[in-house]
Amino acid sequence: MTKKIIHTDKAPAAIGPYSQAVEAGNMLFISGQIPVNPATGDVPSDITAQTEQVMKNIEAILKEAGYDFKNIVKTTCLLSDIANFGPMNEVYAKYFPEACPARAAFAVRDLPKGVLVEIESIAIK
């Protein structure tokens with residue numbers, strides 16, 4: 001099986017030795033996305049805006065690889081504070097109106113760049 005590295009300028013560049021996403025066969029593995037606006041480098045201040053930016057970053061990577069949100073089968077949501085679960089979930093739900101993917105959500109001690117949320121995804125065609 002071959003793997004293809006996926007990269008788009010419409011999502012933040014990797015901040016370490018990893019790829020935005022890797023396609024292997026009919027599966028797409030999207031690295032954890034944080035709420036960095038790829039055009040400006042800015043990070044919104046509140047959890048709602050941060051989750052929206054994360055989902056836009058995921059969408060850009062999906063599109064670059066020829067997938068969409070309907071192809072996502074699993075996500076992992078990392079939150080710097082579990083109190084942000086409700087607001088994060090409200091934004092997240094807009095992107096999965098039906099046939100939601102499997103998901104895990106965790107509160108973690110810290111996230112890169114001090115952000116409030118990071119989401120990784122797996123999609124399949």
Legend entry - Virtual spin-label span in nm between Met1 and Asn26, 7 Å along Cα→Cβ: 1.2
Legend entry - Integer Hz, Karplus 6.51/-1.76/1.60 couplings in order for the stretch 63-68, x for Gly and Pro: 4, 4, 8, x, 10, 8
Inset, instruction - Report, in whole Å, the centroid distance computed from the Cα atoms of the stretch 1-40 and the stretch 72-102. - result: 19
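For the stretch 3-124, what proportion of DSSP beta bridges, expressed in % and rounded to the nearest 5, is antiparallel?
Working: 20 of 26 bridges.
Once the DSSP bridges in the stretch 3-124 are tallied, antiparallel ones form about 75 percent.
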Inset, instruction - Extending each Cα 7 Å along its Cβ direction at Ala99 and Leu111, get the distance between those two points in nm, one decimal. - result: 2.7
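Based on other C-beta atoms within 10 Å, arrange Leu62, Leu78, Leu111 from fewest to most.
Leu111, Leu78, Leu62
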Legend entry - Lys/Arg +1, Asp/Glu -1 at C-beta; the stretch 24-125 dipole; positive extreme among Ile72, Gln33, Val91: Ile72
Legend entry - Ile82 paired with Ala49, simple spin-label distance in nm, labels 7 Å along Cα-to-beta-carbon: 2.8
Legend entry - the chain: equivalent-ellipsoid semi-axes (sqrt of 5 x gyration tensor eigenvalues, Cα, Å): 22, 17, 13
Legend entry - Estimated FRET transfer efficiency when R0 is 30 angstrom, pair Lys70-Asn37 (beta carbons, to 0.05): 0.75
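Read-outs: derived from the displayed coordinates by stated rules, not from any lab. Computed from a predicted model, the values in this text were never measured in an experiment. In this analysis, Cβ positions are derived from the backbone assuming ideal geometry, glycine residues included, and neighbour counts consider all displayed protein chains.
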